[in-house]
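First comes the structure, then the notes that go with it.
Since every read-out is calculated from the coordinates, none of them should be taken as a lab result. Just so we're clear, the structure is a prediction, and the values are computed from it rather than from any experiment. Neighbour counts run over all protein chains shown; Cβ positions are idealised from the backbone, glycine included.
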């Protein structure tokens, strides 16, 4: 698929979700689709630094994409929100993430089935999809540096 048809498909998705298909929204959505891991707002700003968009516009676009279900927002340890694609290609809402306890690198892991225990307050949270699974350890690069 060429770049123009990808951009047209993204514009159609944005419009279908009730958002204006601005150039910055298309750029943010394209970035999330190609990232393969959740990105912080700062990472999005750095990745799109050659564009004419400011930090606050990119943040508003991330929030808008989350609000209409085209992105998912999660907090993985540090007090930094990370955003990831919520399309059908990456739609498993409860997929786990690996977080390096040393460098903070984040990676999506394959789908994992977790059974909620019968515990007061926990079962309803799991049923509502408000549970995130994280695996924390040191990544291979940090282990090699040790």
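Assorted remarks:
- Estimated FRET transfer efficiency when R0 is 41 angstrom, pair residue 54-residue 144 (beta carbons, to 0.05): 0.60
- Residue exposure sequence - 83, 98 - by fewest surrounding Cβ within 10 Å: 98, 83
- The range 3-90, relative contact order [Cα under 8 Å, separation at least 6], %: 29
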